[in-house]
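Asker: Got a structure for you, written out below as structure tokens; questions coming shortly.
The values are calculated or read from the model by the stated rules, or taken from the named source; none is laboratory data. The shown structure was predicted, so the numbers you read here are calculated from the model rather than taken from an experiment. For neighbour counting, all protein chains shown are included, and Cβ atoms are generated from backbone atoms with ideal geometry for every residue, glycine included. Note: areas computed on protein heavy atoms with side chains; ligands, DNA, RNA excluded. Shrake-Rupley method; radii C 1.70, N 1.55, O 1.52, S 1.80 Å.
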Amino acid sequence: MSAFQSPKQTRAMQSAFSDSMSAPKTLRRKWEDMHETAQLIGTMAHLAHEDYTGPIAAFPNAIVLAGPLKQELAEHGLEDLDAIVQPGVTALLAIEARGQDTTAPALALWREYHAVRQSLMALCLPEDLQISA
């Protein structure tokens, strides 16, 4: 995609792509699963629920449009994030099972998740993360 395209041209190009150009189901599923896990972490940190809408929901398709190199980076980033989050959630559940407060450690894990998610989303151009009607 050329840097000289307007956001309107970019959205028009996105609309023209067929379903075969949408995000692979494995990438989409991993992204959705990570969001669900993050909701659990957020609950344990006493944070408000974050809906799976807007740029967050648009990411799987937007990263495909960003090209194969960025898609590969995103896939590796998701694997790395999973390697951080899964042991963290296990530890949080153990803390909760002992009847201890999970707020501080869950908030620390949430911050790690959020930073990595923002980095992954930064691989896409802002206009690619817009949901077109």
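Asker: Go through A104, A133 for me and flag whichever is more than 17 Å from P60 (Cβ to Cβ), of a type outside the set (S, T, Y) and at pLDDT 95 or above. Walk me through it before giving the result.
Answerer: Working: A133 fails: at pLDDT 95 or above.
Within the list A104, A133, the selection yields A104.
Asker: Suppose we filter the range 34-64 for residues that are over 14 Å from L123 (Cβ atoms) and more than 13 Å from the chain's Cα centre (by Cα); how many remain?
Answerer: Total meeting the criteria: 10.
Asker: Of everything in the range 65-77, what is open to solvent by less than 20 Å² (accessible area, probe 1.4 Å) and either over 12 Å from the mean Cα position of the chain (by Cα) or among the hydrophobic types (A, V, I, L, M, F, W, C) (or both)? Give them in sequence order.
Answerer: G67, A74
Asker: What single numbered condition from (1) modelled with pLDDT of 95 or more; (2) part of a loop (DSSP other than H, G, I, E, B); (3) not β-branched (V, I, T) fails to hold for C124?
Answerer: Going through the list (1) modelled with pLDDT of 95 or more; (2) part of a loop (DSSP other than H, G, I, E, B); (3) not β-branched (V, I, T), C124 breaks only (1).
Asker: Just to be sure, is R111 modelled with pLDDT of 95 or more, under 18 Å from the mean Cα position of the chain (by Cα) and not small (G, A, S)? Write out each step before concluding.
Answerer: Numbers: modelled with pLDDT of 95 or more: yes; under 18 Å from the mean Cα position of the chain (by Cα): yes; not small (G, A, S): yes.
It is true that R111 is modelled with pLDDT of 95 or more, under 18 Å from the mean Cα position of the chain (by Cα) and not small (G, A, S).
Asker: Output the residues belonging to the range 83-118 that are touching a residue at least 40 places away in the same chain (Cβ under 8 Å), within 25 Å of G54 (Cβ to Cβ) and in contact with a helix residue (DSSP H, G or I) (Cβ under 7 Å, 6 or more places away or on another chain).
Answerer: Passing the criteria: V85, V89, A106, L109, W110, Y113.
Asker: Which one of these is part of a helix (DSSP H, G or I), on the phi < 0 side of the Ramachandran plot and open to solvent by 30 Å² or more (accessible area, probe 1.4 Å): D51, D80?
Answerer: None of the others qualify; the one that does is D80.
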